[in-house]
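The block underneath contains the structure these notes are about, expressed in structure tokens.
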Amino acid sequence: MANTQNFDVIVIGGGPGGYVAAIRAAQLGLSACVVEREHLGGICLNWGCIPTKALLRAAELRHNLDHLEEYGIEVTGDISVNIDKVVKRSRKVASRLSAGVAHLLKKNKVHVVSGTASIAGKQAGKWAVAVAGDTSETLGAKHVIIATGARARQLPKLESNGTSILSYKEAMVPKSIPKSLLVVGSGAIGIEFASFYRDMGVEVTVVEALDRILNAEDEEVSAAAHKAFEKRGMKIHVSASLKSLTETKSGVDAAVEIKGKQQTISVEKVIMAVGIVGNTEGLGLESTKVKIDRGHIETDSLMRTAEAGIYAIGDVTGAPWLAHKASHEGIICIEAIAGLKDVHGFRAEQVPGCTYCRPQIASVGLTEAQAKAQKYDVKVGRFPFIGNGKAIALGDDEGFIKTVFDAKTGALLGAHMIGPEVTELIQGYAIAQTLETTETELMHTIFPHPTLSEAMHEAVLDAYGRAIHF
């Protein structure tokens, strides 16, 4: 590889896993290169986490306007939504952050190459990475990190068409607000879109194949969310199987089997949110020992694949499909490559999950059912936001916080929330788990008043029969 440009590490993919890994490599004195085929920041920053939150913020404001009189504020005149401006702001936010990633990479002297990369073999102890773009070139490195992310899963004969049947990308940049919408799938992506469009005044129906929505969440949270969404006017069908989608002059007819009975749901638009699949194609992995299981690359806790010198991080490695998980894996991977002695292997159960619907949902660790399945003797605490002064003052007291402890050791096994700003609160429990905190330290911690976080304290106290305010 005498004629190639060589680095210590080449990262294929510039998303939240890839660019973070490259920056950490540079911090540790390693020469790093990122190869990105489309947008720095990846799907999360450009078409996922960030722009959807901008959309959801607009929907939240729209909802709040309908309730201003409850706070003694009167607004005269009609309220309208300019969807073009809503989308434009969302795209502006994404573009700003993408430019920020480019700046960070430049600041840390990370070499960035635009193009599509594939592994072209190994020579003299280094992997050759071929890049096809405006100009073709070959790069070399001892270590290659695959951070290519994932894409929306398509169901046979139910594929998105970009007009009436939408993927998350088309759903994020609507040219107009539909009167009716069917969301297929009730994971975080599907529910966030359902929440956004419902707050924009759309008649929303959700179809879920499993027996409950948000199946990854604790059953009590799932049930509370279902109730809250129906209260907002959503129609939700669980144990429902989508059989076909037929375009009509007015939109789409969806043939759905709901608990054994056939039904046709007619809507203007359909959003398909049935999961994602890793981008593993075209990477040249066929000539390596890298193992792929159901569309995702297998790794160990240090993100190593079965092929020495090749690593994988982020969505391409499977669930949980979360940006912060990808970033954390990137740091673990690089620190292991650099030979740091205090590297802790990745643990999926310590990844907090957030769904930015209304009400918000957040969790970390084991659900009550998972803890019992693992033979833990559990203590469970609950505290409703209706007993929290700050939530009542905000006019947003729907939901609760639930904690799950190991009765023998006092270890916090899991925490599950639904309610106001819980996506910001969950990190408190995540830190507690990292520190291996027990119920004693949590109970002795002083939580400020009045705050929503007081409900976290009360949920811990309740697990041990000591709740004060409920």
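Here is how the numbers come out for the structure above:
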read-out	value
Degrees between helix 454-463 axis and first principal axis of the chain (Cα, 0 to 90, nearest 10)	80
Charge dipole magnitude, Cβ of K and R +1, D and E -1 - the range 359-463, Cα centre, debye nearest 20	320
Long pairs among LYS53/LYS291; LYS341/LYS408; LYS157/LYS179; LYS92/LYS291, criterion Cα-Cα beyond 28 Å	LYS53/LYS291; LYS341/LYS408; LYS92/LYS291
Using alpha-carbon coordinates, inclination of helix 422-434 to the longest axis of the chain, degrees	60
Principal-axis tilt of helix 83-107 within the chain, Cα atoms, nearest 10 degrees	40
Shape category assigned to the chain from the gyration tensor of Cα positions, a/c cut at 1.5	oblate
Rounded to the nearest 20 debye, dipole of the chain from Cβ charges on Lys, Arg, Asp, Glu	1140
Farthest toward positive dipole pole in the chain [+1 Lys/Arg, -1 Asp/Glu at C-beta], among ILE43, VAL11, VAL131	VAL131
Most positive-pole-ward Cα, LEU104, MET456, GLY275, against dipole of the chain from beta carbon charges	LEU104
Global form of the range 359-463, assessed from the alpha-carbon gyration tensor, a/c cut-off 1.5	prolate
Long-range HN-HN contacts of ILE145 with modeled amide H, under 5 Å	ILE10, VAL11, ILE12, TYR311
All lysines inside 18 Å of LYS126 as judged from Cα atoms, apart from same-chain residues fewer than 8 positions distant	LYS142, LYS289
Computed [θ] at 222 nm, deg cm²/dmol, the chain (DSSP H ≥ 4; -39,500 (n - 2.57); rounded to nearest 500)	-9500 deg cm²/dmol
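Computed from the coordinates by the stated procedures, all read-outs in this text should not be read as laboratory data. This is a predicted model, so every value here is computed, not measured. No Cβ is skipped: glycine too gets one built from the backbone with ideal geometry, and neighbour counts run over all protein chains shown.
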